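Step one of this worksheet: look at the structure below.
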Amino acid sequence: DFITQAFYCKALRLNGKTSDALSQCKQAYNRSVSARKNDFVVGQYGIILYITKDKNQARQMLELAVKLDPLTYHENYYYLGRLYLELGQAKDASAQFTKAALMSPDEFIYWFWLGQSNESLGKKDEACANYARALKIKSDYKDAQEAAVKLKCPTTAGSR
């Protein structure tokens, strides 16, 4: 069925088999009208489209996925945030990363990217707080360490 195929797509993606994942997600999505209304299928298709650099279609799929189910898949918000940030829409990106981080507060990567979007918006204090949160979860996360140092965040300066 299309849901199993979408899970297979995700497994392929997580194992670095991007082209196979794209094929599986596309097939899952195109199986039926029901598949095109399933938030997991649509979200997985959007994620793999983002990874394969099809930004326009990825945006359509990810926006649809979060509209279909705004409460379940934090991963959809994360990838939509990444896409918005790449498109120069830092305010929209920040909103998506905020949702992802609040839905899954132990995901250090969400806090880091929220920091990146806040930094793009010129919100230094918020960005520093986001980097600190990422580092609280994963203290050896190099990207957050470097971003905090570059931004001269007070907590990083004091701990070094």
Handout entry: Candidates Leu85, Leu71, Leu135, filtered to the one that is in a helix (DSSP H, G or I) and under 26 Å from Gln44 (Cα atoms)
Key = Leu85
Problem - Residue check, Ala65 in contact with a helix residue (DSSP H, G or I) (Cβ under 9 Å, 6 or more places away or on another chain), modelled with pLDDT of 95 or more and among the small types (Gly, Ala, Ser) - result: yes
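Do we find that Asp106 is assigned to a loop (DSSP other than H, G, I, E, B) and either touching a residue at least 24 places away in the same chain (Cβ under 8 Å) or crowded, with 24+ Cβ neighbours inside 10 Å (or both) in this structure? Can you show your working first?
Values: assigned to a loop (DSSP other than H, G, I, E, B): yes; either touching a residue at least 24 places away in the same chain (Cβ under 8 Å) or crowded, with 24+ Cβ neighbours inside 10 Å (or both): yes.
Taking the combined requirement at face value, the residue satisfies it.
Each row is one residue, and each column tells you yes or no for (1) assigned to a helix (DSSP H, G or I); (2) more than 26 Å from Tyr50 (Cα to Cα); (3) under 17 Å from the mean Cα position of the chain (by Cα).
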site: Ala95; (1), (2), (3): yes, no, yes
site: Trp111; (1), (2), (3): yes, no, yes
site: Gln116; (1), (2), (3): yes, no, yes
site: Cys128; (1), (2), (3): yes, yes, no
site: Tyr131; (1), (2), (3): yes, no, yes
site: Ser139; (1), (2), (3): no, yes, no
site: Lys152; (1), (2), (3): no, yes, no
Completion exercise
For Ser34, the lone unmet condition from (1) within 22 Å of Leu114 (Cβ to Cβ); (2) modelled with pLDDT under 95; (3) of a type in the set (S, T, N, Q) is (1)
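Counting just the residues of the stretch 28-43 that are assigned to a helix (DSSP H, G or I) and free of Cβ contacts under 8 Å to residues at least 24 places away in the same chain, which one comes out least open to solvent (accessible area, probe 1.4 Å)?
If we filter the stretch 28-43 for residues that are assigned to a helix (DSSP H, G or I), which is where we start, we get 28-30, 35-37, 39-43.
Then keep just the ones that are free of Cβ contacts under 8 Å to residues at least 24 places away in the same chain; that gives 30, 36.
Working: Asn30: 76, Arg36: 94 Å².
Step by step, filter the stretch 28-43, then rank; the result is Asn30.
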Practice task
Could you please let me know if Gln24 is polar (S, T, N, Q), open to solvent by less than 50 Å² (accessible area, probe 1.4 Å) and out of contact with any strand residue (DSSP E or B) (no Cβ under 9 Å at 6 or more places or on another chain)?
Solution key: yes
Handout entry: Residues (open to solvent by less than 90 Å² (accessible area, probe 1.4 Å) and in a helix (DSSP H, G or I)) located in the stretch 1-18
Key = Phe2, Ile3, Thr4, Gln5, Ala6, Cys9, Lys10, Ala11, Leu12, Arg13, Thr18
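The values are calculated or read from the model by the stated rules, or taken from the named source; none is laboratory data. Quick caveat, the model's predicted, so the values are computed rather than measured. Cβ coordinates were reconstructed from backbone atoms using ideal geometry, including for glycine residues, and neighbour counts include every protein chain displayed. Accessible surface areas use protein heavy atoms only, side chains included; no ligands, DNA or RNA. Shrake-Rupley method; radii C 1.70, N 1.55, O 1.52, S 1.80 Å.
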